[in-house]
Amino acid sequence: MTVPEPRRPPARPVRVDQVLPSIVERDAVSQHTLEAQKVLHSMGFVSEIFAASFGPGLADWVRPIDELPVEDGGRQWLCYQLSIGSPVADVVLAHPGPKIVNYHNITPSELVDAWMPLLGEEVRLGRLQLQELAPVTELGIGVSRFNTDELAGAGYRRVVVGPLMADTSHFRRAPDPERRRLLDRAKEAGGADWLFVGQMLPHKAYEDVIKAFACYLRAFDSRARLHLVGRPSCPSYAEAVRRYVRHLGLDGRVDLAGSVSQSELAAYYQAADVFVCLSSHEGFCAPLIEAMHLGVPVVAYGVTAVPETVVDAGVVLGAKSPELVAAAAHRVMDDSDLRARLVDRGTERAGEFTLEAARRRFAEAVASVLPS
C-alpha cells in the first residue's frame, strides 16, 4: 500500500500586490490603495501597485498592468480594488494567485446612464465582475457594512468591514491663504456658507443641493453662499449644472469651485457653516468624515451607506425635498444647542475613523485569511 505524503500547509505569501483600473491624485480609492500598500509593507510583504492608467504624479508609485508578475504556488496574492467595471478584472480573474477583493461600491447604472452612457456600461460590467470574482476570492473587504452586505449577496464566502483609509493630516496644515482671504471677505457681508465636496457626477446630485440652497436663500438667508467643490468628471452634466445655476439667478451665490488643492480644500472646510450632502448613492462618503473631523455640522440625505457613516453625528433626512433640506440647514444654523451637539458628536464619530484605526482594521482583515 502506498502511504500518501503528509499534506503541506500552504506557504505564507511573499508578496501581496494590489491591482486597480485607474489611480489618480486626490481620489478616495487611490488614497486608500496607497495607504494599503504601506500597511502591506509593514506586514513584511513585497507589495506593488498595478493599474491600467495612472496620474503623472504617481508614476513613481505605480506600474502598468501588463507588468503584473505571475507566481504560482500561493506565494503571490492579489488585492483588487473594485469600484468600476474594467478589463483589469479579467486580468485578476485569470491570475493563478489567491485573491482579496477590496470593494468600494459601484454606482447603479440608472443613476448615470442618461448623462454618461459609457460610464453606464462600465458600472454594469462592474456589477457583473463583482459576481464573477466571488467564487475565486478568499476574502471580500467592504469599506462599509453596506458594501459587505452587497458582497455577501453576490456570493462572497467570507466578508469583513475594513473602513476607508483616508489621511486627514493635510487639514491640520495652514489653509491656502489667498483662498481663505477670499472666503473671509465674503463672510464680512453676512450669511451662511454651505459646502458640499464630491466629484461633479450625476449621482452626487449637485442639482438637488442647488435647489435646496435656492429655497434656503428665499426662506431664511438671502446673503448665504454655496460652495460646490469637486472635479467636473462629466462635461455634459457639469454644463447642465452651470446652466441651472444661471437659470435660477444664483450667479454670485453658487461657487462651482471644481478641483482644488488640499490647502484650498482646507480653507473651504474652515469657512463652512454647514455641510450638505444629497447624493443618491454613496458606498461610504469620505467627505462626511472630513466635515465632522473639522467641526462642520452635517445635513445629509440618508440613503445607501450615508446613515451608517453619519449615525447620530449629523442630521440624516429620509427625503431630500428642497423645503425639508433648507429647513434642516436653517435649524442647524439657528439652534445653537443643536449645533454644538452635532459638532461634538461629529468630532467623536470622526475619531472612530482615524487613519491609524483604519490601517489596523485592514491589516487584521488581510491577516485573517492569509496562511500563518
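The values are calculated or read from the model by the stated rules, or taken from the named source; none is laboratory data. Fair warning: this is a prediction, and the values are worked out from it, not measured in the lab. Cβ: placed from backbone, ideal geometry, glycine included. Neighbour counts: every protein chain shown.
Observations, loosely collected:
- Filtering the stretch 29-66 to residues that are basic (Lys, Arg) and either buried (at least 21 other Cβ atoms within 10 Å of the Cβ) or outside any strand (DSSP E or B) (or both) leaves only LYS38.
- Take the conditions (1) in contact with a strand residue (DSSP E or B) (Cβ under 7 Å, 6 or more places away or on another chain); (2) buried (at least 17 other Cβ atoms within 10 Å of the Cβ); (3) more than 27 Å from GLY142 (Cβ to Cβ); ALA267 misses just one of them, which is (1).
- For ARG360: the one exception among (1) crowded, with 22+ Cβ neighbours inside 10 Å; (2) assigned by TED's automatic domain parsing to the domain that holds GLU150: (1)
- Being in contact (Cβ under 8 Å) with a residue 12 or more places away in the chain and farther than 23 Å from SER336 by Cα is a description that does not apply to CYS215.
- Of the helices (runs of 4 or more DSSP H) that lie entirely inside the stretch 270-372, not one contains 2 or more residues that are of a type in the set (S, T, N, Q), on the phi < 0 side of the Ramachandran plot and in contact with a strand residue (DSSP E or B) (Cβ under 8 Å, 6 or more places away or on another chain).
- Lone qualifier among VAL245, VAL260 - being touching a residue at least 24 places away in the same chain (Cβ under 8 Å) and in a loop (DSSP other than H, G, I, E, B): VAL260
- Test: residue in the stretch 203-211 that is more than 15 Å from CYS277 (Cβ to Cβ), modelled with pLDDT of 95 or more, outside any loop (DSSP other than H, G, I, E, B) and in contact with a Phe, Trp or Tyr (Cβ under 7 Å, 6 or more places away or on another chain): no
- Selection from the stretch 167-203 of residues that are touching a strand residue (DSSP E or B) at 6+ places or on another chain (Cβ under 8 Å) and not aromatic (Phe, Trp, Tyr): LEU183, ALA186, LYS187, GLY191, ALA192, ASP193, LEU195, VAL197, GLY198, MET200
- Filtered residues of the stretch 18-71 (kept if closer than 21 Å to VAL366 by Cα and either outside the structural domain of GLN81 (by TED's automatic domain parsing) or of a type in the set (S, T, N, Q) (or both)): GLN18, SER30, GLN31, THR33, GLN37, SER42, SER47
- Search result, residues across the stretch 221-235 that are outside any loop (DSSP other than H, G, I, E, B) and either hydrophobic (A, V, I, L, M, F, W, C) or within 19 Å of SER279 (Cβ to Cβ) (or both): LEU226, HIS227, LEU228, VAL229
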